[in-house]
1. Taking every residue in A:62-75, how many Cβ atoms of other protein chains lie within 10 Å of its Cβ, on average?
2. Per DSSP helix of 4 or more residues, -39500 (n - 2.57); summed, then divided by the residues of chain B. What does that give at 222 nm, rounded to the nearest 500?
3. Order these by the 10 Å Cβ neighbour count, fewest first: B:S187, A:S58.
4. What list do you get for B:R110, A:R231, A:R105 if you sort them by fewest beta carbons within 10 Å?
5. Restricting the count to DSSP beta bridges whose residues both fall in the protein assembly as shown, what percent are antiparallel, rounded to a multiple of 5?
6. Considering only DSSP beta bridges whose two residues both sit in the range C:1-77, what percent are antiparallel, to the nearest 5?
7. Would you give the gap between the C-alpha center of the range C:17-70 and the C-alpha center of the range B:241-262, rounded to a whole Å?
8. Checking understanding here: applying a Kyte-Doolittle mean of at least 1.6 and a length along the axis of at least 18 Å (C-alpha), which whole DSSP H helices in chain C pass?
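FYI, it's all coordinate maths here, none of it is from the lab. The structure presented is a predicted model; accordingly, all values stated were derived computationally and were not measured. Cβ placement follows ideal geometry from the backbone for every residue including glycine, while neighbour counts extend to all protein chains displayed.
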Amino acid sequence: MDSSSSIEKDLELIKSTSPLIHNITNYVVMNNTANGLLAIGASPVMAHAPEEVAEMTSISSALVLNIGTLEESWVKAMLIAGRTALSNGIPVIFDPVGAGATSYRNEISRKIIEECHPSIIRGNASEIMALYNTNTKTKGVDSTSSSGSALETAKLLAKETKSIVVISGETDYITDGRKVGKIKNGSPLMARVTGMGCTATAIVAAFAAVNKDFFHAAMHGMAVMGIAGERAAGKARGNGSMQVYFLDELYNLTGEMIKKQIQLTEE
Amino acid sequence: MDSSSSIEKDLELIKSTSPLIHNITNYVVMNNTANGLLAIGASPVMAHAPEEVAEMTSISSALVLNIGTLEESWVKAMLIAGRTALSNGIPVIFDPVGAGATSYRNEISRKIIEECHPSIIRGNASEIMALYNTNTKTKGVDSTSSSGSALETAKLLAKETKSIVVISGETDYITDGRKVGKIKNGSPLMARVTGMGCTATAIVAAFAAVNKDFFHAAMHGMAVMGIAGERAAGKARGNGSMQVYFLDELYNLTGEMIKKQIQLTEE
Amino acid sequence: MDSSSSIEKDLELIKSTSPLIHNITNYVVMNNTANGLLAIGASPVMAHAPEEVAEMTSISSALVLNIGTLEESWVKAMLIAGRTALSNGIPVIFDPVGAGATSYRNEISRKIIEECHPSIIRGNASEIMALYNTNTKTKGVDSTSSSGSALETAKLLAKETKSIVVISGETDYITDGRKVGKIKNGSPLMARVTGMGCTATAIVAAFAAVNKDFFHAAMHGMAVMGIAGERAAGKARGNGSMQVYFLDELYNLTGEMIKKQIQLTEE
């Protein structure tokens, strides 16, 4: 089965089973994230009270942890939910928003990775690099710099954490530490809409909910994001309409569109 | 006066008096809720600090309590605000988002009903059924199932709580325990936009702020939602544009449009 | 250099340097605020954990403090961030949302002004008047009323706080206590979109990040808001599309458009 057929199959599974995706995410993007998940046919739920997150996670098909606007009580909830997911075989998708910007974000990222063992980690190049430097204290910044590029760092991070690592950018890279997938879809206008990366993480979670091959789930989610994004950018007149058209494109995405537009390679 | 004229009259009152609606609601929908209220001419305010909610509620014309992303300190604020509303004769409109999904939501829903005596409760069928089973511990799930349908449960809940109960769905049902109103307006696309139900609750609150006959206030609010929703769905290409067009339709809604489109019955 | 050239120069600086704007703001508007900043080329970050705000502020070029949905822990973070900004020479832009509505908002507003010495304060007429009455306890409501108008109050507030004070409205007024700038751009439809004032505050912060003449930074930010707002209102069919078009207009704003439309005077 070629890539576009596999993506189409996953997309149909999402639409037919409408998996519940539990999001503990940031305030800025909650609305977009929920609408992105609804657009592809998944069922979003947001809940962050320590009193209820274990119960909510345990009825979900995937858990998104996103530290964009973290604070103590939310971190507590993330760890409870993440450990619940781990012990129930529910995939955890981790978005280390702003890792590297503050030591608090680095510390919490390390804790989430250690205690929740995310199936997939998605960030931009600097977040992934910060994560690796943070996670492997002894290596520091220099050794990473010498490792050449964010992709090499992502491979090391993937090997060490046993997570699939996704770097979003002009080209998206997906790696399990050995294999590397590349997706060249997308548009620069996506970076001008707040929370597009966070939406990508949630969409990847929806694919992980229906496809236990997490490397390919991540590939499929990122491909769908990129294709919807470039279709929307072709119509948008700015970042306001981009946000609207992006959801509409995601909502209307067909196997044929995917087949026609996809720019994906796997090595 | 026929239904469409009564709705038009309430709508004019909302536009001319611009009632302040105090919302203690969830993070996902705050922006939509505020814009929905502004679209029909009401004045939204969001405030959740225990230090100020009593003061804010006491200058408001209606209070919305929505447990979509509840947590301990917010629940505390909801109860303070709800009791303030109760003792000042300000209607409380309760949205039990996710009731039934976790025991925490069930417990808090019960508390809000007991301590704040909402004038109107609005939820989807499963939330209303969960609420009834929760609220009347001794009956359990079975007796409700045997009561036949969500509408029968809604009637029982309305009788017991002395609240108007609204079930949103393909057909919306509104009941005081005896009378039943039905509204057949709306579109399936509304369920693909996050927080459409939460907006409905806030719009109902705006009608309750100007019409003390809460059964009809609920009818009018739900009718306006459904009519704006089906007008928007006729133009939308997905859930992105649906959200935008819905606000525009709400903003431009006239008595003539209501008269032409309304599908409302009362038994 | 005339006004439109100065604005264009600042706008180019924002686009070329992409200043990081740290926002501790309210839940309702976070998404719009972030997209507004992205539209003009600035880089938004939201962070409110007391553990990290000092670190985040210290790498930022301006700090927005907005009390729209304040609560104890957020106020704590605002004061930490504000004091950090103050000691690092980073401008603090304060938005006293709802000042006057509750005594808690008045008290916190007073604290923020005293401890963080905002470079610019932006509010609507009633917020600015409430702020002055609050800040200068001994004067009470009456003396302010006799001072004639919100502009006179704004001048007194500016003198006392040494902040630039901005009153948003049909005409925007900007004052340092002596000079007064007036901007007549904008549209009444802006007031029907939630958080438009909060976006104005953030846009002003982006200008303050690149222009240390805060009186003119405030003028430029408000002018850009008004021009984008009236362009968007010319196309919008309601408050839904207004929000979308506003971002698109901000995204596409050119020096030529500014020159053609600007209605600004300075006395």
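1. The mean count of partner-chain Cβ atoms within 10 Å per residue comes to 3.
2. -17500 deg cm²/dmol
3. A:S58, B:S187
4. B:R110, A:R231, A:R105
5. Looking only at bridges with both residues in the protein assembly as shown, the antiparallel portion is about 35 percent.
6. 0 percent
7. 35 Å
8. C:196-210
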